[in-house]
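The values are calculated or read from the model by the stated rules, or taken from the named source; none is laboratory data. If you're wondering where the values come from, they're calculated on a predicted model, not measured in any experiment. All Cβ positions, even for glycine, are placed from backbone atoms using ideal geometry, and neighbour counts span all protein chains on display. Heavy atoms of the whole protein, side chains included, go into the accessibility calculation; ligands, DNA and RNA do not. Shrake-Rupley method; radii C 1.70, N 1.55, O 1.52, S 1.80 Å.
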Amino acid sequence: MKVGVVGAGISGLSLVHALAKRDVDVTAFEARETPGGVVQSRRVGEHVLELGPQRLRLTPGLESIVDDLGLGNRLEFGDDDQPIYVYHDGELKVAPLSVREAVTTDLLGPLGKLRILLEPLTDPQQPDETVDDFLVRKFGQQAARRYLGPLYSGLYGTDPRDMLVEYSLGRVLEKAGIDGSVLLWVARKLREGRESPPMCTFEDGLGELTDGLYEAHADAISLGTPVEAIREREDGYELRTADGSEYVDDVVLTTPAPTCADLLAPIDADLEATLRRFNYNPIGMVFLESSFDGTGIGTLIPPGSDAQISGLTWNASFLDRDGIFTCYVDQLGYPALTEATDEELGKVGAAEFERITGAPATPIHVHRWEPGMPAYDRSWRATDDLALPDGVHLCTNFVDRPGIPGRIRSANRLADELAGEPTPAE
Ligand SMILES: Cc1cc2nc3c(=O)[nH]c(=O)nc-3n(C[C@H](O)[C@H](O)[C@H](O)COP(=O)(O)OP(=O)(O)OC[C@H]3O[C@@H](n4cnc5c(N)ncnc54)[C@H](O)[C@@H]3O)c2cc1C
């Protein structure tokens with residue numbers, strides 16, 4: 001049995017790792033000269049910048065890889081106790097994510113806070129309900145629109161009114177085992193003293209993880225080698241690259257939907273058409289240096305706010321990364337994103353940072369992600385029509401959870417399936 005993997009981002013790399021651990025023969029191709037995909041850490045001057053994800057949760061799946069790679073001594077832990085702020089009515093207000101914050105925050109009025117307590121009496125998700133409708137119905141308008149909606153949708157750059165709960169938040173709740181009241185689930189978790197896994201990164205950034213995975217399996221991964229075509233054969237698949245052909249029994253694509261569509265078009269025209277329906281949102285990242293000394297994890301900026309950026313991560317504070325703040329720009333807040341120059345994006349980021357925090361900032365780097373984040377908007381109805389030929393698999397952030405721990409879980413699950421091993425209960 002031989003498995004071919006297209007892409008060496010965290011999905012492809014953790015799949016190669018998981019298959020190798022199960023003694024399955026695997027070969028992977030990565031288009032770029034560097035592994036990691038969206039996970040990219042850069043040194044600019046003395047600063048470590050994260051061009052993609054800023055930090056991770058040290059879930060058991062991630063911890064096991066860290067142990068396998070001997071990276072435990074490189075881990076750095078973030079301060080989970082710091083607050084997340086919401087930019088509301090021209091001010092920074094604490095998002096109530098703990099009981100103490102719920103009591104003390106002035107983000108919500110007294111009625112807004114009381115309304116949250118009615119959630120256990122509300123009905124479960126309804127067909128065709130949007131994330132916004134669902135959150136407003138369950139928690140009231142204040143909590144839904146001021147922080148719960150933006151907290152969930154911010155990373156995707158999609159308005160919660162355009163996300164169907166069934167294809168987005170509903171799946172997250174289902175995977176977390178929440179089929180009734182969210183509030184009672186949280187209360188149970190608190191009572192049992194169950195804490196979320198700690199937030200972490202590595203001394204030189206998250207790229208240490210993907211570089212470590214690559215180095216451990218370098219003989220099975222060809223960098224700078226895009227898969228140009230996939231062809232079906234009687235007994236498997238042929239992966240064509242500029243270097244020649246690789247013959248495999250099963251093929252796993254880990255790339256964004258448009259690339260999956262290009263590669264699978266010759267095999268199945270209906271599948272190609274389905275894959276082209278998934279929307280993505282481009283994201284601009286502006287890295288700022290500032291002496292702002294606020295304590296926090298970051299700032300949520302709800303859609304419809306007058307700010308042109310969609311959020312901030314305060315790396316300087318919760319990760320102790322000297323003077324560094326990451327600013328996100330999407331097309332909801334800044335429609336000219338794709339036409340703007342890097343200089344313009346830098347200026348927008350710095351100006352909005354100053355308006356929000358009151359402190360000046362200097363842009364030190366700009367990065368763009370295209371196609372960007374899966375939008376998880378109404379186009380995700382396409383999921384219902386995804387039918388893959390035998391031997392073709394998707395291990396991607398548009399069919400399963402996009403966070404790194406979720407990507408590692410998907411890779412482990414698929415490795416079990418390909419190796420014919422039963423998947424342990426999560
Ligand atoms: C700005 C941003 C911030 C994020 N923040 C967080 C966070 O804080 N925490 C978190 O857990 N998650 C975060 N995420 C989500 C997470 O980083 C991504 O979902 C995840 O890294 C995607 O990994 P992947 O391997 O599935 O895809 P990718 O990283 O996109 O990897 C796909 C790979 O395929 C390669 N490829 C493309 N075409 C071909 C081809 N023809 N042949 C061979 N290779 C090809 C690409 O070069 C790429 O390396 C963030 C995402 C973004 C964009």
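Taking region 97-129 on its own, how many of its residues are under 18 Å from Trp314 (Cβ atoms) and not polar (S, T, N, Q)?
Result for region 97-129: 3.
Filtering region 25-51 down to residues that are of a type in the set (Asp, Glu) and part of a loop (DSSP other than H, G, I, E, B), which residue is surrounded by the most Cβ atoms within 10 Å (Cβ to Cβ)?
Glu30
Matching residues to (1) more than 9 Å from Val286 (Cβ to Cβ); (2) under 23 Å from the mean Cα position of the chain (by Cα):
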| position | (1), (2) |
| --- | --- |
| Asp322 | yes, no |
| Cys327 | no, yes |
| Gln331 | yes, yes |
| Pro335 | yes, yes |
| Ala340 | yes, no |
| Gly349 | no, yes |
| Pro360 | yes, no |
| Arg368 | yes, yes |
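Starting from region 276-295, take each residue that is free of Cβ contacts under 8 Å to residues at least 40 places away in the same chain and list its partners that are within 16 Å of the ligand (Cβ to nearest atom), counting only C-beta distances under 6 angstrom and pairs at least six apart or across chains.
Cβ pairs passing all conditions: Arg276/Ala261.
So, in region 186-206, exactly how many residues are touching a strand residue (DSSP E or B) at 6+ places or on another chain (Cβ under 9 Å) and open to solvent by 10 Å² or more (accessible area, probe 1.4 Å)?
Number satisfying all stated conditions: 5.
Starting from residues that are β-branched (Val, Ile, Thr) and either in contact with a Leu (Cβ under 8 Å, 6 or more places away or on another chain) or assigned to a loop (DSSP other than H, G, I, E, B) (or both), keep the ones in region 170-191 and report whichever is modelled with the lowest pLDDT.
Result: Ile178.
Please tell me if Cys395 is within 15 Å of the ligand (Cβ to nearest atom) and free of Cβ contacts under 8 Å to residues at least 60 places away in the same chain.
Spelling it out, it is not the case that Cys395 is within 15 Å of the ligand (Cβ to nearest atom) and free of Cβ contacts under 8 Å to residues at least 60 places away in the same chain.
Can you find a residue that is assigned to a strand (DSSP E or B) and among the hydrophobic types (A, V, I, L, M, F, W, C) anywhere in region 261-268?
For region 261-268, residues assigned to a strand (DSSP E or B) and among the hydrophobic types (A, V, I, L, M, F, W, C): absent.
Go over the candidates Ile283, Ile301, Ile267 one by one and state the one that is open to solvent by 10 Å² or more (accessible area, probe 1.4 Å), within 21 Å of Thr34 (Cα to Cα) and modelled with pLDDT of 95 or more.
One residue alone meets the criteria, Ile283.
State yes or no: is Pro226 open to solvent by 50 Å² or more (accessible area, probe 1.4 Å) and more than 11 Å from the ligand (Cβ to nearest atom)? Spell out how you get there, then give the answer.
Details: open to solvent by 50 Å² or more (accessible area, probe 1.4 Å): yes; more than 11 Å from the ligand (Cβ to nearest atom): no.
Judged against the criteria, Pro226 is not a match.
Filter region 97-138 down to the residues that are under 26 Å from Gly296 (Cα atoms), under 25 Å from the mean Cα position of the chain (by Cα) and either open to solvent by 20 Å² or more (accessible area, probe 1.4 Å) or modelled with pLDDT under 95 (or both) and list them by number.
If the condition is that a residue be under 26 Å from Gly296 (Cα atoms), under 25 Å from the mean Cα position of the chain (by Cα) and either open to solvent by 20 Å² or more (accessible area, probe 1.4 Å) or modelled with pLDDT under 95 (or both), then Leu97, Ser98 are the ones that fit.
Per-residue answers, yes or no, for (1) in a loop (DSSP other than H, G, I, E, B); (2) in the same structural domain as Ala143 (by TED's automatic domain parsing); (3) within 21 Å of Asp219 (Cβ to Cβ); (4) free of Cβ contacts under 8 Å to residues at least 40 places away in the same chain:
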position: His17; (1), (2), (3), (4): no, no, yes, no
position: Asp23; (1), (2), (3), (4): yes, no, yes, no
position: Leu62; (1), (2), (3), (4): no, no, no, no
position: Ile65; (1), (2), (3), (4): no, no, yes, no
position: Gln82; (1), (2), (3), (4): yes, no, no, no
position: Ala102; (1), (2), (3), (4): no, yes, no, yes
position: Leu107; (1), (2), (3), (4): yes, yes, no, no
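Thr59 - would you say it is open to solvent by less than 40 Å² (accessible area, probe 1.4 Å), within 30 Å of Thr299 (Cα to Cα) and of a type in the set (Val, Ile, Thr)?
Working: open to solvent by less than 40 Å² (accessible area, probe 1.4 Å): yes; within 30 Å of Thr299 (Cα to Cα): yes; of a type in the set (Val, Ile, Thr): yes.
It is true that Thr59 is open to solvent by less than 40 Å² (accessible area, probe 1.4 Å), within 30 Å of Thr299 (Cα to Cα) and of a type in the set (Val, Ile, Thr).
Look through region 196-223, keep the residues that are away from the ligand (no atom under 14 Å from the Cβ) and of a type in the set (Asp, Glu), and return whichever of them is farthest from the chain's Cα centre (by Cα).
So, considering only residues that are away from the ligand (no atom under 14 Å from the Cβ) and of a type in the set (Asp, Glu), the one farthest from the chain's Cα centre (by Cα) is Asp219.
So, in region 1-20, exactly how many residues are more than 20 Å from the chain's Cα centre (by Cα), closer than 21 Å to Arg233 by Cβ and not small (Gly, Ala, Ser)?
Total meeting the criteria: 5.
Condition check ((1) without any contact (Cβ under 8 Å) to a residue 12 or more places away in the chain; (2) closer than 30 Å to Lys93 by Cβ) across all residues:
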| position | (1), (2) |
| --- | --- |
| Ala143 | no, yes |
| Arg146 | no, yes |
| Tyr156 | no, yes |
| Glu174 | yes, no |
| Leu190 | no, yes |
| Glu208 | no, no |
| Asp211 | no, no |
| Glu246 | no, no |
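Can you give me the number of residues within region 21-80 that are under 23 Å from the mean Cα position of the chain (by Cα), within 16 Å of the ligand (Cβ to nearest atom) and not polar (S, T, N, Q)?
Residues that pass the stated criteria total 34.
Restricting to region 232-244, give me the number of residues that are within 14 Å of the ligand (Cβ to nearest atom) and either in contact with a His (Cβ under 8 Å, 6 or more places away or on another chain) or open to solvent by 40 Å² or more (accessible area, probe 1.4 Å) (or both).
Selection size over region 232-244: 3.
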